[in-house]
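The values are calculated or read from the model by the stated rules, or taken from the named source; none is laboratory data. All figures in this text were calculated on a predicted structure; none of them were measured in a lab. Using ideal geometry, Cβ is built from the backbone for each residue, glycine included, and neighbour counts are taken over all protein chains shown.
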Amino acid sequence: MTQTNLLRGGCHCGNIRVAFGTSKPLGDLVPRVCECSFCAKHGASYVFDSDASLLIEATVKDAVGEYRQGLEIARFLVCRRCGVLIAALFDDEAGSYGAVNARCLEDTSGLGPPQVIPPRSSTGEQRRRLWAKVWTPGVRFSVSEG
C-alpha cells in the first residue's frame, strides 16, 4: 500500500517518537476520545487505521513505561521522563495492534473532528476482536539506545 500521509510526533522530551502512515485522506481519520478514567485523565484521543502503519521509536528503554488498567488487555505506552501518553497497544497471535494518541502528533489540523466513544461493557474477547479489525496492525516498536 502506498501511504500518502505521514503524521509524526512524540513525547515532550523527545525520548519517544512516532510515525503514523496512512493512505486515507486525513479528514477521514477521526480521533476517538476514550472516556475511561485513564484516558480521560490524559486527555487522550486515538487515531488508528487498519490499513496504516505505526512505528514507535525510543532512545532510552528504561524511560518507556507500560501501564495496564481495566481488563488489562491494552498496554499504554507512557514516557517516564515527561509523562506523555503515546499509544495504546495490544498483542495477539497475529501480532501487535496500536492506536496512537492524537495529542502527541505534531500536526492534527487535517484530521476529522474528535468523536467521543462512550464506555462499553464488553468482554475482553469482544474488545480484542474489534481492535484486531480497526486498530493499526503490525506496530513496530524499537529502541535505539546509544
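Going by what's in this entry, would I117 be described as touching a helix residue (DSSP H, G or I) at 6+ places or on another chain (Cβ under 8 Å) and either closer than 14 Å to C11 by Cα or aliphatic (A, V, I, L, M) (or both)?
Values: touching a helix residue (DSSP H, G or I) at 6+ places or on another chain (Cβ under 8 Å): no; either closer than 14 Å to C11 by Cα or aliphatic (A, V, I, L, M) (or both): yes.
Against the criterion (touching a helix residue (DSSP H, G or I) at 6+ places or on another chain (Cβ under 8 Å) and either closer than 14 Å to C11 by Cα or aliphatic (A, V, I, L, M) (or both)), I117 does not qualify.
Test each condition in (1) under 21 Å from Q3 (Cβ atoms); (2) among the polar types (S, T, N, Q); (3) at pLDDT 95 or above for S109 and report the one that comes out false.
The number of the failed condition is (3).
State which residue is surrounded by the fewest Cβ atoms within 10 Å (Cβ to Cβ) when the search covers only region 130-146 and only residues that are within 16 Å of the chain's Cα centre (by Cα) and part of a strand (DSSP E or B). Spell out the reasoning first.
Taking region 130-146 and keeping what is within 16 Å of the chain's Cα centre (by Cα), we get 130-142.
Now narrow it down to the ones that are part of a strand (DSSP E or B): 136-137, 140-142.
Working: T136: 25, P137: 20, R140: 13, F141: 17, S142: 9.
By that ranking, first place goes to S142.
T123 passes all but one of (1) β-branched (V, I, T); (2) out of contact with any helix residue (DSSP H, G or I) (no Cβ under 7 Å at 6 or more places or on another chain); (3) at pLDDT 90 or above; which number fails?
If we test T123 against (1) β-branched (V, I, T); (2) out of contact with any helix residue (DSSP H, G or I) (no Cβ under 7 Å at 6 or more places or on another chain); (3) at pLDDT 90 or above, just (3) comes out false.
For region 98-116, does any single residue satisfy the condition of being free of Cβ contacts under 8 Å to residues at least 40 places away in the same chain and either closer than 24 Å to R129 by Cβ or touching a His at 6+ places or on another chain (Cβ under 7 Å) (or both)?
Of the residues in region 98-116, the ones free of Cβ contacts under 8 Å to residues at least 40 places away in the same chain are 109.
With the extra rule that they be either closer than 24 Å to R129 by Cβ or touching a His at 6+ places or on another chain (Cβ under 7 Å) (or both), the set shrinks to none.
No, region 98-116 has no match at all.
I'd like to check something: does region 73-92 contain any residue that is in contact (Cβ under 8 Å) with a residue 24 or more places away in the chain, of a type in the set (A, V, I, L, M) and over 30 Å from T4 (Cα atoms)?
Checked region 73-92: at least one residue is in contact (Cβ under 8 Å) with a residue 24 or more places away in the chain, of a type in the set (A, V, I, L, M) and over 30 Å from T4 (Cα atoms).
Condition first: farther than 17 Å from D107 by Cα, under 16 Å from the mean Cα position of the chain (by Cα) and of a type in the set (S, T, N, Q). Can you find one or more residues in region 67-86 that meet it?
Yes, region 67-86 has at least one match.
Name every residue in region 43-52 that is farther than 14 Å from V84 by Cβ, surrounded by fewer than 18 Cβ atoms within 10 Å (Cβ to Cβ) and either free of Cβ contacts under 8 Å to residues at least 40 places away in the same chain or not acidic (D, E) (or both), in order of residue number.
S50
Determine, yes or no, whether R127 is of a type in the set (K, R), in contact with a strand residue (DSSP E or B) (Cβ under 9 Å, 6 or more places away or on another chain), under 25 Å from G14 (Cβ atoms) and surrounded by 12 or more Cβ atoms within 10 Å (Cβ to Cβ). Can you show your working first?
Numbers: of a type in the set (K, R): yes; in contact with a strand residue (DSSP E or B) (Cβ under 9 Å, 6 or more places away or on another chain): yes; under 25 Å from G14 (Cβ atoms): no; surrounded by 12 or more Cβ atoms within 10 Å (Cβ to Cβ): yes.
It is false that R127 is of a type in the set (K, R), in contact with a strand residue (DSSP E or B) (Cβ under 9 Å, 6 or more places away or on another chain), under 25 Å from G14 (Cβ atoms) and surrounded by 12 or more Cβ atoms within 10 Å (Cβ to Cβ).
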